[in-house]
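One structure below.
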Amino acid sequence: MSDAFSLSFNPLGELVVRLADDSLHTKAVVVRAFPIAEPDRSISILGVEGKELVWIDDLSTVSPANKQVIDRALQMREFMPEILRLDGVNSFSTPSTWRVQTSRGPTEFVLKGEEDIKRLSTNTLIVADAHGVQFLIRDLPALDRHTRKLLDRFL
């Protein structure tokens, strides 16, 4: 794979893009067009002024070195842990404290109201805690029975 660009981080941790014309762009930002539905497709790299420098249709077409930098840049920018299991809730009325296992480890958060659970599709939910942190439930039917049973009380 030969990309028409190369990516790196400078000593300050800023993303640097070198384009085919040898121009350098510092403080670039990587943005997903569809972060939940298609996280590995439709990715844009923007310059500091917000102008698109690179468009990537499919991340699998990018060289491994550039893909590694893109993945790191996205991790630094995005924070949406995925709920893997709901261990328990202190109450079935809101506000309630949820104990969950996430893709980033175990945590507890407060759900203020049922309206803080948003359905994106039949199988995908976003749960916002009292501080505005959003948690993703990617595949509702794939969750264990206990978790689905607890969630049903709030949906």
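Of all residues being crowded, with 17+ Cβ neighbours inside 10 Å and not in a strand (DSSP E or B) in segment 48-63, which is nearest to the chain's Cα centre (by Cα)? Just the residue, please.
Among residues in segment 48-63 that are crowded, with 17+ Cβ neighbours inside 10 Å and not in a strand (DSSP E or B), the one nearest to the chain's Cα centre (by Cα) is Leu59.
If I filter segment 72-83 for residues that are touching a helix residue (DSSP H, G or I) at 6+ places or on another chain (Cβ under 6 Å), surrounded by 13 or more Cβ atoms within 10 Å (Cβ to Cβ), touching a residue at least 24 places away in the same chain (Cβ under 8 Å) and closer than 30 Å to Asp144 by Cβ, do I get at least one hit?
For segment 72-83, residues touching a helix residue (DSSP H, G or I) at 6+ places or on another chain (Cβ under 6 Å), surrounded by 13 or more Cβ atoms within 10 Å (Cβ to Cβ), touching a residue at least 24 places away in the same chain (Cβ under 8 Å) and closer than 30 Å to Asp144 by Cβ: absent.
Quick one: in segment 1-40, of everything that is of a type in the set (Ser, Thr, Tyr) and under 20 Å from Asp57 (Cβ atoms), which residue is farthest from the chain's Cα centre (by Cα)?
Ser2
Got a number for residues in segment 21-78 being on the phi > 0 side of the Ramachandran plot and among the polar types (S, T, N, Q)?
1
Return the total of residues in segment 64-85 being part of a strand (DSSP E or B) and of a type in the set (Asp, Glu).
1
For (1) over 30 Å from Asp139 (Cα atoms); (2) in the same structural domain as Arg138 (by TED's automatic domain parsing); (3) free of Cβ contacts under 8 Å to residues at least 12 places away in the same chain, each residue gets a yes or a no:
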{"site": "Leu24", "(1), (2), (3)": "yes, no, yes"}
{"site": "Asp40", "(1), (2), (3)": "no, no, no"}
{"site": "Leu46", "(1), (2), (3)": "yes, no, no"}
{"site": "Gly50", "(1), (2), (3)": "yes, no, yes"}
{"site": "Leu59", "(1), (2), (3)": "no, no, no"}
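So which residues in segment 86-101 are assigned to a loop (DSSP other than H, G, I, E, B) and farther than 14 Å from Val127 by Cα?
Hits for segment 86-101 are Asn90, Ser91, Phe92, Ser93.
What's the total number of residues in segment 10-46 that are more than 29 Å from Arg119 (Cα to Cα), surrounded by fewer than 17 Cβ atoms within 10 Å (Cβ to Cβ) and in contact with a strand residue (DSSP E or B) (Cβ under 6 Å, 6 or more places away or on another chain)?
Counting residues in segment 10-46 that are more than 29 Å from Arg119 (Cα to Cα), surrounded by fewer than 17 Cβ atoms within 10 Å (Cβ to Cβ) and in contact with a strand residue (DSSP E or B) (Cβ under 6 Å, 6 or more places away or on another chain) gives 7.
Checking Thr147 against (1) part of a helix (DSSP H, G or I); (2) in the same structural domain as Lys27 (by TED's automatic domain parsing); (3) among the polar types (S, T, N, Q), which single condition isn't satisfied?
Thr147 satisfies every listed condition except (2).
How many residues does segment 112-133 contain that are under 12 Å from Leu155 (Cβ atoms) and either within 17 Å of the chain's Cα centre (by Cα) or in a strand (DSSP E or B) (or both)?
5
List every residue pair whose Cβ atoms sit under 9 Å apart, with the two residues 6 or more apart in sequence or on different chains, where the first one lies in segment 105-122 and is among the acidic types (Asp, Glu) and the second, anywhere, is loosely packed, with under 13 Cβ neighbours inside 10 Å.
Taking only residues 6 or more apart or on different chains, the pairs are Glu114/Leu155.
The values are calculated or read from the model by the stated rules, or taken from the named source; none is laboratory data. In this text, all values refer to a predicted model and were calculated from it rather than measured experimentally. Cβ coordinates were reconstructed from backbone atoms using ideal geometry, including for glycine residues, and neighbour counts include every protein chain displayed.
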